[in-house]
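J.: A single structure is presented below for examination.
FYI, it's all coordinate maths here, none of it is from the lab. Everything numeric here is computed off the predicted structure, so don't read it as measured data. Here Cβ is always computed from backbone atoms with ideal geometry, including for glycine, and neighbour counts include all displayed protein chains.
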Amino acid sequence: MASMAMDLHCDTLMKLAKNGDLERKPAMVTLEGLQSGGVGLQCFADFVPTGLFPGFLKGPLSRRVYRKHYRRYQKMLAFHSGTLFPVLTVEDLERAGKDGKIGVLLTIEDGGVMGSRLEHVKDYYDMGVRLVTLTWNHANPIGYPNSPDPEQMKKGLTDYGREVVRQMERLGMVVDVSHVSDGVFWDVAAMAEKPFLASHSNSRAMCAHPRNMTDQMIRSLADKGGVMGLNLAPDFLAEGSRVSRVEDMVRHILHIRKVGGSDVLALGSDFDGISGTFEISGPQDWPKLEQALRAAGLTEAELEKMWWSNSHRVLHAVLPRAVSIPQR
């Protein structure tokens, strides 16, 4: 194996047992899978689709739903306290993957759950959130999502969204541009003072889906010191496909490396948030992809960067130090 693995996105919190047992089936991510796949840090997304049911998951109600999911996260850490621990600071990051411990980084998928008051960003930070995917597939107070509509794809961050990005950087929360419109991406790229990332997005040149990133976006992300995590969703790998194939993953990675260099490569599986037939069906299968990429010409150093060092670099640059006390 190349090194420890870091996966920037999974939706497994939604499949946890009530007591937080990570071995519940049919989840793609299990404790055994994380261990056998050499995962040193797994990002767990708390997903509250605020725009999926217009007028329903808004404001206080969406935050109540989030807190219900958050309790699952807390129970998971308690149930597996001998193995899992929360990554909140740079110091925690340095412990991940050592002494048999797996770091867990809590994220939000759809920043709309934070509402339209800036103080709520600090509230979620205080609960341990260290990465926020700004939008899901619907507009929210922060900005606009990916869309097949070219006019919507031009729309960017709202004025409030710009404040959110600034506040996240002040606090030590990673800005995630997966799911956003092209306009939001370019707004973030223009204003970001720290590295940002696309936690689970692929190449649009290899698969023409609006969730994927153009070559120009990949180059910009690389120039900013960011990374993009390979998404295993079949329809983000090959148009119209229901099968997630390793050969398609390799095709995307080789193209992304050609466009943005090997420092932009990362893993962002989207395990438990995607459907279809999978050749990589959980973290235990990461060695299959590693072997295929090695055969395709990636060096050991490049594999190590994709598996760990690139994402580690971004988190190290953004996460707070243990001694810092962020101000509102």
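J.: What's the ranking of 64-73, 106-115 by average number of surrounding C-beta atoms within 10 Å, highest first?
T.: Averaged packing, sorted descending, gives the order 106-115, 64-73.
J.: Another question, if that's okay. Sequence-distant or interchain residues sharing an amide H contact under 5 Å with Leu105, placed H: which?
T.: HN-HN under 5 Å from Leu105: Gln42, Cys43, Phe44, Val87.
J.: So, one more: Go ahead and run the numbers for FRET between Ser241 and Lys68, Cβ-Cβ distance against an R0 of 30 Å, rounding to 0.05. Could you put the intermediate results ahead of the total?
T.: Details: r = 34 Å, r/R0 = 1.13.
The calculated FRET efficiency here is 0.30.
J.: Now a separate question. Cα gyration tensor of segment 65-208, axes a ≥ b ≥ c as square roots of the eigenvalues: rounded (a/c below 1.5), prolate (a/b > b/c) or oblate?
T.: Because a/c hits 1.5 or more and a/b exceeds b/c, segment 65-208 counts as prolate.
J.: With +1 on the Cβ of every Lys and Arg and -1 on the Cβ of every Asp and Glu, and nothing else charged, how large is the dipole of segment 5-318 about its Cα centre, in debye rounded to the nearest 20?
T.: It comes to approximately 680 debye.
J.: Which of the helices in the chain meet the span-like rule: DSSP H, Cα axial reach of 15 Å or more, Kyte-Doolittle mean at least 0.0?
T.: 246-260
J.: Ordered by packing density, taken as the mean number of other Cβ atoms within 10 Å over each peptide's residues, highest first, how do 309-315, 117-123 rank?
T.: 309-315, 117-123
J.: Can you return the lysines within cross-link range of Lys194? Criterion is Cα-Cα under 20 Å, with same-chain partners fewer than 8 residues away left out.
T.: Candidates past the 8-residue exclusion: Lys122, Lys224, Lys305.
J.: Please work out the FRET efficiency for the pair Gln216 and Lys101, using the Cβ-Cβ distance as r and a Förster radius of 35 Å; give the result to the nearest 0.05.
T.: My answer for the efficiency is 0.35.
J.: Related question: Using the Cα gyration tensor of segment 5-318, with a ≥ b ≥ c the square roots of its eigenvalues, what is the shape: rounded (a/c below 1.5), prolate (a/b larger than b/c) or oblate (neither)?
T.: Taking the square roots of the gyration eigenvalues as a ≥ b ≥ c, segment 5-318 is rounded.
J.: Along the charge dipole of the chain, which of Pro210, Val184, Gly240 sits closest to the positive end, that is, farthest toward it, with unit charges on the beta carbon of Lys, Arg, Asp and Glu (+1, +1, -1, -1)?
T.: Checking the options against the dipole of the chain, the answer is Val184.
J.: Arranged from highest to lowest average of other beta-carbon atoms within 10 Å per residue, in what order do the peptides 75-82, 135-142 appear?
T.: 135-142, 75-82
J.: So how much slack lies between Ala295 and Lys258, counting 0.36 nm per residue of separation and subtracting their Cα-Cα distance, in nm? Each step should come with its number before you reach the end.
T.: Numbers: separation 37, 0.36 × 37 = 13.32 nm, distance 1.65 nm.
Once the chain is fully extended between Ala295 and Lys258, it gains 11.7 nm.
J.: Do any trypsin sites (Lys or Arg not before Pro) in segment 195-260 lie in a loop, going by DSSP, with at most 13 other beta-carbon atoms within 10 Å of their beta carbon, and if so which?
T.: In loop regions of segment 195-260 (DSSP not H, G, I, E or B), the sparsely surrounded trypsin sites (Lys or Arg not before Pro) are Arg242.
J.: Applying 1/(1 + (r/R0)^6) with R0 = 35 Å to the Cβ-Cβ distance of Ala205 and Glu163, what FRET efficiency is obtained, to the nearest 0.05?
T.: Using R0 = 35 Å, I get an efficiency of 0.60.
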